[in-house]
Amino acid sequence: MSPTASAEPSRPVIDNPYRVIPDGPLVIDLSPEAVAERRAQPPEPEPIPFSDLDKYILDKEPEPDLEWIANRPGLPEGWVQLGDEVVPQAVAEGAEVRSGALPDDFAADLGDVDQEALIDDICAFPDAVPPGIYEGKWPPSGEYPRRGTIYLNYLGGVLYNGNGENSAENYSVLALTNHPFPSFGGGEERAIAIAQSVQADFDEWAIRVVYLERPHKTIPYVMAMVGGHWSDTTAGASGGVAPSADCEDVGMRNVCYSFTNLQGVNTQSNIIGQEVGHTMGLGHTYGSDRIMAYGYATGGSADMIFGNDCAEIYVAPDQGTACGGVNKCHCGDGEHQNDQATISAIYAAPGPDMVEPTIDFLAPMDGQLYESGAGVDVEVDVWDDYGGYGWKLMIYQEGELLGEQYDYARGRKFTLLGAPDGTYDLVAEIEDQADHIVQKRITIQIGVDGGSGTGTDTAGTGGTAGTAGSDTDTATGGTAGTAGTDSESDSATTGTGVDDEEGCSCRTAGDDRRGLLGFGALVLLGLARRRR
């Protein structure tokens, strides 16, 4: 039987609400006025140092301000809260989520994927898979298998509503715009122990947990805000909350919340794990030992797990299972969920990533000349051996960064407008989940005579990730040791004439000090499900 031969559900079907489709090329305005405006912008405020968390330890859990709760904004229109999940109204009314079609011009160059072979590889019940599930039509970076990052934000910060979900930019459908989300109130030692416990929950996959420093904006990551109170968001009462129904983990940049401070380590890691699980498309199940179990005692001390069998989904009356199509792949019906199989369909097994990503310019050519006032169309080609990578374009003149764009929608096309006559360096940078960073540079000239130059590649050196532990990383690809110490050392090689906002144009594996807790035991990965 064909993998798409099973009957459609009687419930309505909606496209995944977290899928971002490019709306034309990303524009970088290089006019003198726009560049001057960017120069004048104040730098983003620095968060408190992680080492200062003990200054913010609470005596008791935060108490709600009833007047504040009554007057704060609610969820965005069209979103509904179901317990600790926030979902589109249609899902609350029983709709099932599917991946959704990609525009032809976006999907055409993503490569030929044998959907039947893919489903046979990742599904226990391939004949039960309905249309629109595991179709293998990924935008770049969304390919399987992926590697991933969970950032535990203990430091708080200001988040913004109205722009969907994007952890890199603090965009969250649950955010109170311009309302400072508090820092974690449980202290540094507890924060480290929680991070270790969360990492242990995800050790079956190439998913790292970081907390000391935030990942670069370039790569996709899930951000868990840890601390505060539910009234610091648009959500209602809960111990934690997350945007849910992201079947097949399409969004990749979600923001979830754990309103915990002084509870025990296992309790907090269970809540964080459940909220992160929701962002990956997992729903609630029955089972007292499950991270995804509905209504477990948040005061309990048990260290829960992601289930490795098909557990019954908890569904309220008149509601459906949002990711029923995915559940049919792993359990044969939509009313049961296998947590580990669902995550394993997307994320790679733990192990080293020794292959650097690649990025190249399809247009323009190095040394290309343009007439005065001309716009410049830029297109890049990107690749890595695992999904979960990201890229950006930077424009330099005489070593000064004039503008940059992160390609969050993954369209790979940019347009430069308003550039005065002169010579410009275009630097495309790609980064993967193992901290390999590679750059490609070309030069163009607008309104001046000149010859052609030679594009250059700049690459970082891969390293290995060790067991949950030390916060000591080296730029040449050492190991991340045992968490619990605050020793941090760092050395990186800066490029000449090209720099980004993080202060290093060519970083290597392990050069940032984010509190890497590792991917578990290192094992060699075969070529299964390799995409090119």
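Things worth noting here:
- Qualifying residues in region 352-385 (those that are hydroxyl-bearing (Ser, Thr, Tyr) and buried (at least 16 other Cβ atoms within 10 Å of the Cβ)) - the one farthest from residue 204 (Cα to Cα): 370
- Looking only at region 133-167, and only at residues there that are aliphatic (A, V, I, L, M) and out of contact with any Pro (no Cβ under 8 Å at 6 or more places or on another chain), the one that is farthest from residue 227 (Cα to Cα): 133
- Residue in region 346-368 that is among the hydrophobic types (A, V, I, L, M, F, W, C) and either modelled with pLDDT under 95 or within 14 Å of residue 28 (Cα to Cα) (or both) present: no
- Screening residue 64 on (1) under 23 Å from residue 176 (Cα atoms); (2) surrounded by fewer than 11 Cβ atoms within 10 Å (Cβ to Cβ) shows it passes everything except condition (2).
- From the options 54, 29, residue that is touching a residue at least 60 places away in the same chain (Cβ under 8 Å) and touching a strand residue (DSSP E or B) at 6+ places or on another chain (Cβ under 7 Å): 29
- Among the residues of region 195-214, those identified as at pLDDT 95 or above and assigned to a loop (DSSP other than H, G, I, E, B) are 202, 203, 204, 205, 206, 211, 212, 214.
- Failed item, numbered, when residue 192 is tested on (1) within 28 Å of residue 51 (Cβ to Cβ); (2) in a loop (DSSP other than H, G, I, E, B); (3) of a type in the set (A, V, I, L, M, F, W, C): (2)
- Single residue of 365, 354 found to be of a type in the set (A, V, I, L, M), part of a loop (DSSP other than H, G, I, E, B) and under 27 Å from the mean Cα position of the chain (by Cα): 354
- Being surrounded by 24 or more Cβ atoms within 10 Å (Cβ to Cβ) and touching a residue at least 40 places away in the same chain (Cβ under 8 Å) holds for only one residue in 203, 246, and it is 246.
- Pairing residues of region 366-388 that are on the phi > 0 side of the Ramachandran plot and among the aliphatic types (A, V, I, L, M) with residues that are surrounded by fewer than 19 Cβ atoms within 10 Å (Cβ to Cβ) and at pLDDT below 95, at Cβ distances under 6 Å and at least 6 apart in sequence or on separate chains, gives no pairs at all.
- Qualifying residue in region 39-53 (condition: more than 30 Å from residue 373 (Cβ to Cβ), within 28 Å of the chain's Cα centre (by Cα), outside any loop (DSSP other than H, G, I, E, B) and of a type outside the set (A, V, I, L, M, F, W, C)): yes
- Region 386-402: number of residues that are surrounded by fewer than 21 Cβ atoms within 10 Å (Cβ to Cβ) and in contact with a strand residue (DSSP E or B) (Cβ under 9 Å, 6 or more places away or on another chain): 4
- Residue 128 being touching a residue at least 24 places away in the same chain (Cβ under 8 Å), surrounded by 23 or more Cβ atoms within 10 Å (Cβ to Cβ) and over 18 Å from residue 222 (Cα atoms): yes
The values are calculated or read from the model by the stated rules, or taken from the named source; none is laboratory data. Please read all numbers here as calculations on a predicted model, not as lab measurements. As a convention, Cβ positions derive from the backbone with ideal geometry for all residues, glycine included, and neighbour counts pool all protein chains shown.
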